[in-house]
Amino acid sequence: MKHVLVINRYDDMFSDYKKYIDHNDFQVSFVTLKNKTKYIDPKTCLHVKALDALKSEDVLSAAIEMNQVDRIDLVIAHSEYDLDSASMIRDALGIPGAKVEDNDLYRNKVLMKSALMQSDILFPMFQAVKRHEDITDFISKYGYPCIIKPEVGAASEGVQKIFSSEDIPSLERFEGYQIEQFIEGEIYHVDAVLSHDEMPYFKVSKYINTCLDFRNKIPLGSFTIDDKSVNEKLKRFTYQVADLLNIRNQAVHLEVIENGDDFYFLEIGGRVGGGEIPFVAYNNEGVDLFDLWTKASLGETVKAVETKVTGFLMVPNPFESGYQLADGFQLEHPNVTFQEFNSSGESTEFSYDEIPARVHFEGENSIEVRDAIVQCMSLVSSSITPLAVTGNSNG
(Lines give C-alpha, C1' and ligand atoms only; values in the text may rest on other atoms or scores of the structure.)
Protein backbone atom coordinates (compact mmCIF):
# COMPACT_ATOMS: atom_id res chain seq x y z
CA MET A 1 0.00 0.00 0.00
CA LYS A 2 1.48 3.34 -1.06
CA HIS A 3 2.15 6.04 1.51
CA VAL A 4 0.95 9.55 0.55
CA LEU A 5 2.14 12.69 2.33
CA VAL A 6 -0.23 15.69 2.18
CA ILE A 7 0.97 19.21 2.95
CA ASN A 8 -2.12 20.97 4.28
CA ARG A 9 -2.53 24.73 4.72
CA TYR A 10 -6.32 25.20 4.89
CA ASP A 11 -9.49 23.82 6.44
CA ASP A 12 -12.04 24.92 3.84
CA MET A 13 -14.37 22.72 1.80
CA PHE A 14 -11.47 21.63 -0.43
CA SER A 15 -9.33 20.37 2.45
CA ASP A 16 -11.17 17.16 3.32
CA TYR A 17 -8.74 14.66 1.83
CA LYS A 18 -10.85 11.72 3.01
CA LYS A 19 -13.07 12.58 0.02
CA TYR A 20 -10.13 12.53 -2.38
CA ILE A 21 -7.91 9.67 -1.20
CA ASP A 22 -9.31 6.24 -0.46
CA HIS A 23 -7.73 5.36 2.87
CA ASN A 24 -8.30 1.68 2.09
CA ASP A 25 -5.98 1.98 -0.91
CA PHE A 26 -3.41 4.43 0.48
CA GLN A 27 -1.75 5.17 3.78
CA VAL A 28 -1.98 8.92 4.41
CA SER A 29 0.17 11.29 6.49
CA PHE A 30 -0.07 15.04 6.98
CA VAL A 31 2.22 17.96 7.58
CA THR A 32 -0.27 20.69 8.47
CA LEU A 33 -0.67 24.06 10.08
CA LYS A 34 -1.62 23.62 13.73
CA ASN A 35 -4.90 25.50 13.47
CA LYS A 36 -5.98 23.83 10.21
CA THR A 37 -6.75 20.27 11.34
CA LYS A 38 -10.54 20.33 11.04
CA TYR A 39 -10.65 17.47 8.53
CA ILE A 40 -7.66 15.49 9.80
CA ASP A 41 -8.45 12.43 11.91
CA PRO A 42 -5.22 11.06 13.45
CA LYS A 43 -6.91 7.67 13.88
CA THR A 44 -7.08 7.21 10.11
CA CYS A 45 -3.59 8.63 9.41
CA LEU A 46 -0.16 7.09 9.56
CA HIS A 47 1.55 10.28 10.78
CA VAL A 48 0.40 13.84 11.55
CA LYS A 49 2.88 16.64 12.14
CA ALA A 50 1.36 20.03 13.01
CA LEU A 51 3.56 23.10 12.61
CA ASP A 52 3.18 26.75 13.58
CA ALA A 53 4.23 27.73 10.06
CA LEU A 54 4.81 25.73 6.89
CA LYS A 55 8.37 26.86 6.28
CA SER A 56 9.98 24.72 3.60
CA GLU A 57 12.90 23.63 5.76
CA ASP A 58 10.57 22.54 8.57
CA VAL A 59 8.22 20.70 6.22
CA LEU A 60 11.19 18.91 4.66
CA SER A 61 12.54 17.91 8.08
CA ALA A 62 9.15 16.53 9.09
CA ALA A 63 8.90 14.55 5.85
CA ILE A 64 12.41 13.08 6.27
CA GLU A 65 11.53 12.04 9.82
CA MET A 66 8.34 10.30 8.65
CA ASN A 67 10.15 8.66 5.76
CA GLN A 68 12.66 7.06 8.15
CA VAL A 69 9.76 5.17 9.75
CA ASP A 70 7.45 4.64 6.76
CA ARG A 71 8.73 5.32 3.26
CA ILE A 72 6.81 8.08 1.48
CA ASP A 73 5.78 7.21 -2.08
CA LEU A 74 3.87 10.35 -3.16
CA VAL A 75 3.58 13.98 -2.06
CA ILE A 76 0.51 16.18 -2.56
CA ALA A 77 0.41 19.96 -2.02
CA HIS A 78 -2.52 22.03 -3.25
CA SER A 79 -1.41 25.51 -2.23
CA GLU A 80 0.81 27.69 -4.42
CA TYR A 81 2.82 28.37 -1.28
CA ASP A 82 3.58 24.68 -0.65
CA LEU A 83 4.64 23.60 -4.14
CA ASP A 84 8.26 24.45 -3.31
CA SER A 85 8.21 22.28 -0.19
CA ALA A 86 6.67 19.36 -2.09
CA SER A 87 9.32 19.52 -4.81
CA MET A 88 12.12 19.69 -2.23
CA ILE A 89 10.77 16.55 -0.54
CA ARG A 90 10.59 14.70 -3.85
CA ASP A 91 14.17 15.68 -4.62
CA ALA A 92 15.49 14.70 -1.18
CA LEU A 93 13.68 11.38 -0.98
CA GLY A 94 13.68 10.34 -4.66
CA ILE A 95 9.90 10.48 -4.95
CA PRO A 96 8.20 10.62 -8.40
CA GLY A 97 6.56 13.88 -9.44
CA ALA A 98 7.63 17.48 -9.97
CA LYS A 99 11.15 18.02 -8.67
CA VAL A 100 12.65 21.42 -7.77
CA GLU A 101 13.85 21.97 -11.34
CA ASP A 102 10.36 21.23 -12.70
CA ASN A 103 8.59 23.27 -10.05
CA ASP A 104 10.74 26.32 -10.79
CA LEU A 105 9.44 26.36 -14.37
CA TYR A 106 5.89 27.11 -13.26
CA ARG A 107 6.78 29.18 -10.21
CA ASN A 108 9.46 31.52 -11.59
CA LYS A 109 8.23 33.87 -14.32
CA VAL A 110 11.70 34.39 -15.81
CA LEU A 111 12.45 30.68 -16.02
CA MET A 112 9.05 29.78 -17.48
CA LYS A 113 9.36 32.29 -20.32
CA SER A 114 13.01 31.35 -20.88
CA ALA A 115 11.90 27.73 -21.39
CA LEU A 116 9.62 28.86 -24.24
CA MET A 117 12.33 30.69 -26.18
CA GLN A 118 13.08 27.90 -28.65
CA SER A 119 9.38 27.42 -29.47
CA ASP A 120 6.88 29.38 -31.56
CA ILE A 121 4.98 30.44 -28.41
CA LEU A 122 4.71 34.23 -28.25
CA PHE A 123 5.40 36.05 -24.97
CA PRO A 124 6.30 39.59 -23.82
CA MET A 125 9.99 40.48 -24.01
CA PHE A 126 11.40 40.34 -20.50
CA GLN A 127 14.50 40.63 -18.37
CA ALA A 128 15.51 39.66 -14.86
CA VAL A 129 16.29 42.72 -12.74
CA LYS A 130 19.39 42.98 -10.56
CA ARG A 131 19.75 46.76 -10.32
CA HIS A 132 17.90 49.97 -11.15
CA GLU A 133 19.85 50.39 -14.38
CA ASP A 134 18.41 47.12 -15.72
CA ILE A 135 14.97 48.75 -15.64
CA THR A 136 16.04 51.94 -17.42
CA ASP A 137 18.00 49.95 -20.01
CA PHE A 138 14.98 47.76 -20.74
CA ILE A 139 12.70 50.79 -21.08
CA SER A 140 15.12 52.53 -23.43
CA LYS A 141 14.94 49.45 -25.66
CA TYR A 142 11.23 48.57 -25.46
CA GLY A 143 9.58 51.78 -24.28
CA TYR A 144 6.57 52.46 -22.06
CA PRO A 145 4.36 51.08 -20.66
CA CYS A 146 5.95 48.05 -19.07
CA ILE A 147 5.32 45.77 -16.10
CA ILE A 148 7.55 45.15 -13.08
CA LYS A 149 6.70 42.10 -11.00
CA PRO A 150 8.34 39.58 -8.65
CA GLU A 151 9.80 36.56 -10.43
CA VAL A 152 7.89 34.33 -7.99
CA GLY A 153 4.49 35.30 -6.65
CA ALA A 154 0.73 35.09 -7.00
CA ALA A 155 -2.41 37.26 -6.92
CA SER A 156 -0.58 40.18 -8.63
CA GLU A 157 1.29 40.94 -5.41
CA GLY A 158 4.10 43.41 -6.04
CA VAL A 159 3.06 43.98 -9.68
CA GLN A 160 3.36 47.54 -10.98
CA LYS A 161 2.57 49.06 -14.35
CA ILE A 162 5.14 51.68 -15.38
CA PHE A 163 4.07 54.59 -17.60
CA SER A 164 6.99 56.95 -16.97
CA SER A 165 10.28 57.19 -15.10
CA GLU A 166 8.37 58.57 -12.11
CA ASP A 167 6.56 55.24 -11.75
CA ILE A 168 9.73 53.19 -11.36
CA PRO A 169 9.62 51.85 -7.79
CA SER A 170 12.37 52.59 -5.30
CA LEU A 171 13.27 49.13 -4.10
CA GLU A 172 15.79 48.28 -1.41
CA ARG A 173 16.72 45.19 -3.41
CA PHE A 174 15.98 44.65 -7.09
CA GLU A 175 16.99 40.99 -7.12
CA GLY A 176 14.00 38.71 -7.51
CA TYR A 177 12.11 41.08 -9.82
CA GLN A 178 11.62 41.04 -13.56
CA ILE A 179 10.52 43.62 -16.10
CA GLU A 180 8.49 42.80 -19.19
CA GLN A 181 6.71 44.48 -22.08
CA PHE A 182 3.11 45.45 -21.62
CA ILE A 183 1.09 43.68 -24.32
CA GLU A 184 -2.18 45.42 -25.08
CA GLY A 185 -5.19 43.10 -25.26
CA GLU A 186 -7.78 40.99 -23.49
CA ILE A 187 -6.58 38.53 -20.85
CA TYR A 188 -7.86 34.96 -20.88
CA HIS A 189 -7.34 32.22 -18.32
CA VAL A 190 -7.26 28.52 -19.06
CA ASP A 191 -8.11 26.17 -16.19
CA ALA A 192 -7.32 22.53 -16.78
CA VAL A 193 -6.32 19.25 -15.20
CA LEU A 194 -3.66 17.17 -16.95
CA SER A 195 -3.87 13.41 -16.55
CA HIS A 196 -1.98 10.82 -18.62
CA ASP A 197 -1.38 13.38 -21.43
CA GLU A 198 -5.09 14.19 -21.61
CA MET A 199 -7.07 17.13 -20.24
CA PRO A 200 -10.22 15.69 -18.68
CA TYR A 201 -11.08 19.18 -17.47
CA PHE A 202 -10.44 22.11 -19.81
CA LYS A 203 -12.04 25.52 -19.74
CA VAL A 204 -11.26 28.89 -21.32
CA SER A 205 -12.48 32.11 -19.70
CA LYS A 206 -11.95 35.82 -20.26
CA TYR A 207 -11.42 38.39 -17.54
CA ILE A 208 -13.47 41.56 -17.20
CA ASN A 209 -10.82 43.95 -15.87
CA THR A 210 -7.65 42.30 -14.56
CA CYS A 211 -6.24 40.74 -11.40
CA LEU A 212 -3.97 43.79 -11.06
CA ASP A 213 -7.07 46.01 -11.29
CA PHE A 214 -8.65 43.99 -8.49
CA ARG A 215 -5.62 44.54 -6.28
CA ASN A 216 -6.10 48.24 -7.05
CA LYS A 217 -9.70 48.14 -5.78
CA ILE A 218 -11.50 47.62 -9.11
CA PRO A 219 -14.08 44.79 -9.51
CA LEU A 220 -12.97 41.60 -11.28
CA GLY A 221 -15.16 39.41 -13.44
CA SER A 222 -14.64 36.32 -15.58
CA PHE A 223 -16.84 34.42 -18.01
CA THR A 224 -16.50 31.19 -20.01
CA ILE A 225 -15.63 31.43 -23.70
CA ASP A 226 -17.83 29.14 -25.81
CA ASP A 227 -16.19 29.97 -29.17
CA LYS A 228 -15.00 26.58 -30.47
CA SER A 229 -12.15 28.00 -32.56
CA VAL A 230 -10.73 29.89 -29.55
CA ASN A 231 -11.05 26.79 -27.38
CA GLU A 232 -9.31 24.57 -29.92
CA LYS A 233 -6.50 27.08 -30.41
CA LEU A 234 -5.93 27.52 -26.68
CA LYS A 235 -6.14 23.78 -26.02
CA ARG A 236 -3.25 23.24 -28.44
CA PHE A 237 -1.47 26.19 -26.85
CA THR A 238 -1.92 24.68 -23.36
CA TYR A 239 -0.66 21.25 -24.43
CA GLN A 240 2.40 22.84 -26.01
CA VAL A 241 3.21 24.97 -22.95
CA ALA A 242 2.69 22.04 -20.57
CA ASP A 243 5.03 19.91 -22.66
CA LEU A 244 7.73 22.59 -22.80
CA LEU A 245 7.51 23.17 -19.04
CA ASN A 246 7.36 19.45 -18.23
CA ILE A 247 3.99 19.73 -16.47
CA ARG A 248 2.45 16.30 -15.89
CA ASN A 249 -0.55 14.95 -13.96
CA GLN A 250 -1.61 18.13 -12.21
CA ALA A 251 -3.83 21.16 -12.35
CA VAL A 252 -2.80 24.24 -14.32
CA HIS A 253 -3.94 27.85 -14.40
CA LEU A 254 -2.63 29.52 -17.56
CA GLU A 255 -3.04 33.21 -18.43
CA VAL A 256 -2.69 34.51 -21.99
CA ILE A 257 -3.20 37.84 -23.75
CA GLU A 258 -5.10 38.14 -27.02
CA ASN A 259 -3.45 40.73 -29.26
CA GLY A 260 -4.89 40.89 -32.76
CA ASP A 261 -4.96 37.34 -34.11
CA ASP A 262 -2.29 36.11 -31.70
CA PHE A 263 -2.19 34.77 -28.17
CA TYR A 264 0.76 35.70 -25.96
CA PHE A 265 1.81 33.58 -23.01
CA LEU A 266 1.62 35.61 -19.81
CA GLU A 267 2.25 33.09 -17.02
CA ILE A 268 1.23 29.68 -15.71
CA GLY A 269 0.69 28.13 -12.31
CA GLY A 270 0.90 24.41 -11.60
CA ARG A 271 -2.23 24.54 -9.46
CA VAL A 272 -5.96 25.20 -9.44
CA GLY A 273 -6.80 28.82 -10.21
CA GLY A 274 -7.52 31.11 -7.28
CA GLY A 275 -10.39 33.36 -6.29
CA GLU A 276 -13.80 31.98 -7.22
CA ILE A 277 -12.60 29.56 -9.92
CA PRO A 278 -12.82 26.31 -7.88
CA PHE A 279 -16.06 27.41 -6.20
CA VAL A 280 -17.82 28.14 -9.49
CA ALA A 281 -16.71 24.76 -10.87
CA TYR A 282 -18.01 23.03 -7.75
CA ASN A 283 -21.31 24.91 -7.39
CA ASN A 284 -22.29 25.19 -11.06
CA GLU A 285 -20.66 22.17 -12.70
CA GLY A 286 -20.49 19.73 -9.80
CA VAL A 287 -16.75 19.45 -10.39
CA ASP A 288 -14.24 19.46 -7.55
CA LEU A 289 -11.01 20.53 -9.23
CA PHE A 290 -8.97 19.51 -6.19
CA ASP A 291 -10.42 16.02 -6.39
CA LEU A 292 -9.44 15.76 -10.06
CA TRP A 293 -5.97 17.13 -9.27
CA THR A 294 -5.51 14.64 -6.43
CA LYS A 295 -6.53 11.71 -8.64
CA ALA A 296 -4.14 12.87 -11.35
CA SER A 297 -1.33 13.21 -8.77
CA LEU A 298 -1.98 9.65 -7.58
CA GLY A 299 -1.66 8.39 -11.15
CA GLU A 300 -5.32 7.44 -11.39
CA THR A 301 -7.29 7.85 -14.61
CA VAL A 302 -9.46 10.95 -14.49
CA LYS A 303 -12.66 10.75 -16.50
CA ALA A 304 -13.54 13.66 -18.77
CA VAL A 305 -16.13 16.05 -17.37
CA GLU A 306 -18.47 18.47 -19.13
CA THR A 307 -18.11 22.16 -18.42
CA LYS A 308 -20.80 24.85 -18.52
CA VAL A 309 -20.87 28.52 -19.46
CA THR A 310 -20.35 30.19 -16.12
CA GLY A 311 -18.76 33.25 -14.60
CA PHE A 312 -17.98 35.12 -11.42
CA LEU A 313 -17.80 38.63 -10.02
CA MET A 314 -15.62 39.76 -7.12
CA VAL A 315 -16.03 43.29 -5.79
CA PRO A 316 -13.31 44.68 -3.48
CA ASN A 317 -13.55 47.51 -0.99
CA PRO A 318 -13.04 50.59 -3.19
CA PHE A 319 -12.36 53.00 -0.35
CA GLU A 320 -9.23 53.77 1.65
CA SER A 321 -11.47 53.69 4.70
CA GLY A 322 -13.95 50.92 5.42
CA TYR A 323 -17.12 50.36 3.42
CA GLN A 324 -20.78 49.65 3.95
CA LEU A 325 -23.31 48.00 1.66
CA ALA A 326 -26.86 49.29 1.27
CA ASP A 327 -29.14 47.66 3.86
CA GLY A 328 -30.60 44.36 2.68
CA PHE A 329 -28.97 44.60 -0.73
CA GLN A 330 -29.63 41.57 -2.94
CA LEU A 331 -29.23 40.97 -6.64
CA GLU A 332 -32.22 39.99 -8.74
CA HIS A 333 -30.89 38.54 -11.99
CA PRO A 334 -31.84 35.32 -13.82
CA ASN A 335 -28.20 34.36 -14.46
CA VAL A 336 -27.09 34.63 -10.82
CA THR A 337 -26.63 31.22 -9.18
CA PHE A 338 -24.92 32.31 -5.96
CA GLN A 339 -24.36 35.56 -4.12
CA GLU A 340 -22.59 36.42 -0.89
CA PHE A 341 -22.32 39.89 0.59
CA ASN A 342 -20.56 41.38 3.59
CA SER A 343 -22.63 44.30 4.82
CA SER A 344 -19.61 46.27 6.03
CA GLY A 345 -15.90 46.02 6.61
CA GLU A 346 -13.06 48.07 7.98
CA SER A 347 -10.09 46.20 6.53
CA THR A 348 -8.21 47.89 3.71
CA GLU A 349 -5.72 45.02 3.28
CA PHE A 350 -5.82 43.09 0.00
CA SER A 351 -7.90 39.92 0.24
CA TYR A 352 -9.88 37.56 -1.94
CA ASP A 353 -12.04 36.72 1.08
CA GLU A 354 -12.76 39.90 3.05
CA ILE A 355 -14.59 41.70 0.26
CA PRO A 356 -18.06 43.25 -0.08
CA ALA A 357 -19.41 40.85 -2.72
CA ARG A 358 -18.84 37.63 -4.64
CA VAL A 359 -21.37 36.41 -7.22
CA HIS A 360 -21.58 33.33 -9.48
CA PHE A 361 -23.33 33.14 -12.85
CA GLU A 362 -24.49 30.59 -15.40
CA GLY A 363 -26.05 31.04 -18.82
CA GLU A 364 -26.67 29.67 -22.29
CA ASN A 365 -23.73 31.45 -23.92
CA SER A 366 -20.75 33.71 -23.29
CA ILE A 367 -22.48 36.96 -24.24
CA GLU A 368 -25.38 36.31 -21.86
CA VAL A 369 -23.07 35.64 -18.92
CA ARG A 370 -20.73 38.54 -19.78
CA ASP A 371 -23.62 40.99 -19.94
CA ALA A 372 -25.02 39.71 -16.65
CA ILE A 373 -21.67 40.23 -14.92
CA VAL A 374 -21.29 43.77 -16.29
CA GLN A 375 -24.80 44.69 -15.19
CA CYS A 376 -24.38 43.22 -11.70
CA MET A 377 -20.93 44.80 -11.35
CA SER A 378 -22.55 48.20 -11.79
CA LEU A 379 -25.39 47.43 -9.39
CA VAL A 380 -23.13 46.18 -6.62
CA SER A 381 -20.56 48.95 -7.03
CA SER A 382 -23.22 51.66 -6.82
CA SER A 383 -24.50 50.13 -3.55
CA ILE A 384 -21.15 50.41 -1.74
CA THR A 385 -20.44 53.60 0.22
CA PRO A 386 -17.71 54.67 2.67
CA LEU A 387 -18.18 53.38 6.19
CA ALA A 388 -19.95 55.99 8.29
CA VAL A 389 -17.74 57.37 11.06
CA THR A 390 -19.43 57.40 14.46
CA GLY A 391 -18.24 58.79 17.77
CA ASN A 392 -18.84 61.41 20.41
CA SER A 393 -17.68 64.98 20.17
CA ASN A 394 -16.88 67.13 23.17
CA GLY A 395 -17.33 70.30 21.05
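The values are calculated or read from the model by the stated rules, or taken from the named source; none is laboratory data. All values reported here derive from a predicted model rather than from experimental measurement. Cβ atoms come from the backbone with ideal geometry, glycine included; neighbour counts cover every protein chain shown. Note: accessible area is taken over every heavy atom of the protein model, side chains too, but ligands, DNA and RNA are not part of it. Shrake-Rupley method; radii C 1.70, N 1.55, O 1.52, S 1.80 Å.
Results for (1) modelled with pLDDT under 95; (2) at negative phi; (3) touching a Gly at 6+ places or on another chain (Cβ under 8 Å); (4) not charged (D, E, K, R), shown as yes or no for each residue.
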{"position": "6", "(1), (2), (3), (4)": "no, yes, no, yes"}
{"position": "11", "(1), (2), (3), (4)": "yes, yes, no, no"}
{"position": "14", "(1), (2), (3), (4)": "no, yes, no, yes"}
{"position": "20", "(1), (2), (3), (4)": "no, yes, no, yes"}
{"position": "24", "(1), (2), (3), (4)": "yes, yes, no, yes"}
{"position": "27", "(1), (2), (3), (4)": "no, yes, no, yes"}
{"position": "30", "(1), (2), (3), (4)": "no, yes, no, yes"}
{"position": "33", "(1), (2), (3), (4)": "no, yes, no, yes"}
{"position": "37", "(1), (2), (3), (4)": "no, yes, no, yes"}
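Name the residues in segment 118-137 that are β-branched (Val, Ile, Thr) and out of contact with any helix residue (DSSP H, G or I) (no Cβ under 8 Å at 6 or more places or on another chain), would you? I'd like the intermediate steps shown before the answer.
Pass one, segment 118-137, residues β-branched (Val, Ile, Thr): 121, 129, 135-136.
Within segment 118-137, 135 is the sole residue that qualifies.
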Quiz item: Which members of segment 120-148 meet the condition of being buried (at least 16 other Cβ atoms within 10 Å of the Cβ), not β-branched (Val, Ile, Thr) and not in a strand (DSSP E or B)?
Solution: 123, 124, 134, 138, 142
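Can you pull out every residue in segment 353-370 that is surrounded by fewer than 15 Cβ atoms within 10 Å (Cβ to Cβ) and over 21 Å from residue 327 (Cα atoms)?
Selection gives 364, 365, 367.
Take the residues of segment 311-321 that are open to solvent by less than 40 Å² (accessible area, probe 1.4 Å) and not in a strand (DSSP E or B): which is modelled with the highest pLDDT?
The selected residue is 316.
Assess whether residue 306 counts as being within 13 Å of residue 276 (Cα to Cα), exposed (fewer than 15 other Cβ atoms within 10 Å of the Cβ) and in contact (Cβ under 8 Å) with a residue 12 or more places away in the chain.
Answer is no for this residue.
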Quiz prompt | Out of 151, 157, 80, sole residue that is under 30 Å from residue 297 (Cβ atoms), among the acidic types (Asp, Glu), within 20 Å of the chain's Cα centre (by Cα) and loosely packed, with under 15 Cβ neighbours inside 10 Å | solution = 157
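Could you list, in sequence order, all residues of segment 46-92 that are charged (D, E, K, R) and within 18 Å of residue 249 (Cβ to Cβ)? Break it down stepwise before answering.
Kept after step one, since they are charged (D, E, K, R), are these residues of segment 46-92: 49, 52, 55, 57-58, 65, 70-71, 73, 80, 82, 84, 90-91.
Hits for segment 46-92 are 73, 80, 82, 90, 91.
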Self-check item: Residue list for segment 32-44, filter: crowded, with 16+ Cβ neighbours inside 10 Å and either in a loop (DSSP other than H, G, I, E, B) or touching a residue at least 40 places away in the same chain (Cβ under 8 Å) (or both)
Solution: 36, 37, 39, 40
Quiz item: Would a scan of segment 322-339 turn up a residue that is hydroxyl-bearing (Ser, Thr, Tyr), open to solvent by less than 20 Å² (accessible area, probe 1.4 Å), under 12 Å from residue 384 (Cβ atoms) and out of contact with any helix residue (DSSP H, G or I) (no Cβ under 7 Å at 6 or more places or on another chain)?
Solution: yes
Practice problem: State all residues of segment 62-82 that are touching a strand residue (DSSP E or B) at 6+ places or on another chain (Cβ under 7 Å) and over 10 Å from residue 8 (Cα atoms); if no residue qualifies, say none. | Solution: 62, 63, 66, 70, 71, 72, 73, 74, 75, 80
Exercise. State yes or no: is residue 345 over 26 Å from residue 17 (Cβ atoms), at pLDDT below 95 and out of contact with any Pro (no Cβ under 8 Å at 6 or more places or on another chain)?
Key: no
Quiz prompt | Pick from segment 355-379, criterion hydrophobic (A, V, I, L, M, F, W, C) and touching a helix residue (DSSP H, G or I) at 6+ places or on another chain (Cβ under 7 Å), ranking: farthest from residue 223 (Cα to Cα) | solution = 357
Exercise. Could you grab me the full set of residues in segment 340-354 that are in contact with a helix residue (DSSP H, G or I) (Cβ under 9 Å, 6 or more places away or on another chain) and closer than 16 Å to residue 216 by Cβ?
Key: 350, 352
